[in-house]
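Working notes for the structure below.
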Amino acid sequence: MQPFKYPFEMPLNFQYPGASAIHPQATTPQSIRQELIVKTESLLHQCVSTVVSMDSWGDWRLVHYGTFAKGGVSMVVLEATAVVPEGRITPHDSGLWKDEQIEPLKRIVGFVHQFNAVIQIGHAGRRASTVPLYLDNAKHYIGEEQGVWSQIDAPSLLYGPEMIVPPELSVFEIESIVQSFKDTAIRVEKAGFNALEIHGAHGYLINSFLSPLSNHRTDEYGVDFEGRIKILNDIVKAIRTVWSKILMVRISAEEWIEGGWTLNDSIRLTKILKELDVDILDASSGGNSANAKTPFGPLFQVPLAEAIKREIPDIITSTVGSIKTVEQAMSIIDNDRADLIMLARPLLRDPFWVLHSAATIKLDVDQALQYNLGKDYI
């Protein structure tokens, strides 16, 4: 399968949909490792599990991601890509745990690559084998009797009452999972991605190791802060032996529950991740405890990225969550609260959010050339 290519020469002054001709602060390009130019206006990050089979990177995904790419998003993140089949959040999730999954993924990357593509790899841990978010009984466990899998991996404790109690992973099993992340990173390189993100947030496997509420291990992967972060450090180190491009890590920077993972822990972790050659710290929050009191509201997670940015100014930070308007997005960048912005739900409602937002503030941006005839009608 050959990567998609336009059958004609692109104009010399054409950058990509969403790129500004005048480059105000909110759309200033940013160079990372001299490989990827990232606009600070917006990125796409979402978890929409819609794969017909666990081997499928088919037409639905091509259209899904391609629409965001030509809609002005500066970097498209292919989310929640499992490193092992039992690490999928739902049976509908995508994965890259075997070489046969590389070639069909190249078709998507080949199209999106014109606008920059990132893949997020992860392991769902104790939140695996659940009903997709867009169906009834979302997040509830579905077991082997319903045609999926029964193996649930975790450091020690269960997630919530709707889930099963997971067995504690052995050290050998943890080392095997670390190797699976490394093997997947090799496939990510072969598929042609610009960047790779490790998903260490929202109660999935890595996050459940980080938190003292879910990790009660008494060995080298538990006990204290250094032990709880060991699996993430091991994964980063392993990936860096085979991946030289942009490396991102997403964490839940605050657990929102007494006795849980805190912002101070995240700052401490980020300093270590920077030393391990991580380029971007993607600061989300919550998801590890069913009893968390998350203070949802406009820009509620921005202070997390801002605090990390202040303490570790030489790492690039991204923020996400309840960012709904272009004015909100621009205020974050203009006030130097974060370097990058992730968008998910706004783009599900309007895949051309970036172009429409630019029009509302009278900002002239490039569009996919085929759509230029409609530019004056936005």
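Below, the figures for the structure above:
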quantity	calculated
For F193, solvent-accessible area (1.4 Å; no DNA, RNA or ligand), Å²	0 Å²
Candidates per trypsin sites (Lys or Arg not before Pro) in region 329-368, loop by DSSP, up to 12 other Cβ within 10 Å	K362
In nm, spacing of pseudo-spin labels at R268 and T360 (7 Å Cα→C-beta vector)	4.1 nm
Subset of K245/K309; K230/K293; K182/K230; K106/K274; K98/K237 violating a 24 Å alpha-carbon distance limit	K230/K293; K106/K274
Solvent-accessible area of H92 with every protein chain in place, 1.4 Å probe, in Å² to the nearest 10	70 Å²
Radius 15 Å from Cβ of K271, net charge of other residues (Lys, Arg +1; Asp, Glu -1)	-3
Accessible area of region 269-366 divided out per residue, in Å², using a probe of 1.4 angstrom	42 Å²
Cleavage-rule hits (GluC sites (Glu not before Pro)) in region 182-262: DSSP loop, at most 14 neighbouring Cβ within 10 angstrom	E220, E258
Computed lengthening from S322 to E258, 0.36 nm per intervening residue step minus Cα-Cα distance	20.7 nm
Length released on extending from R310 to E100, taking residue separation times 0.36 nm less the Cα-Cα span	71.3 nm
Stretchable slack from R345 to E275, in nm (0.36 nm times residue separation minus alpha-carbon distance)	21.9 nm
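The values are calculated or read from the model by the stated rules, or taken from the named source; none is laboratory data. Note that the structure is a prediction, hence the values are computed from the model and not measured. Quick reminder, even Gly has a Cβ in these numbers, built from the backbone with ideal geometry, and neighbours come from all protein chains shown. Just the protein is used for accessible areas: all its heavy atoms, side chains included, with ligands, DNA and RNA removed. Shrake-Rupley method; radii C 1.70, N 1.55, O 1.52, S 1.80 Å.
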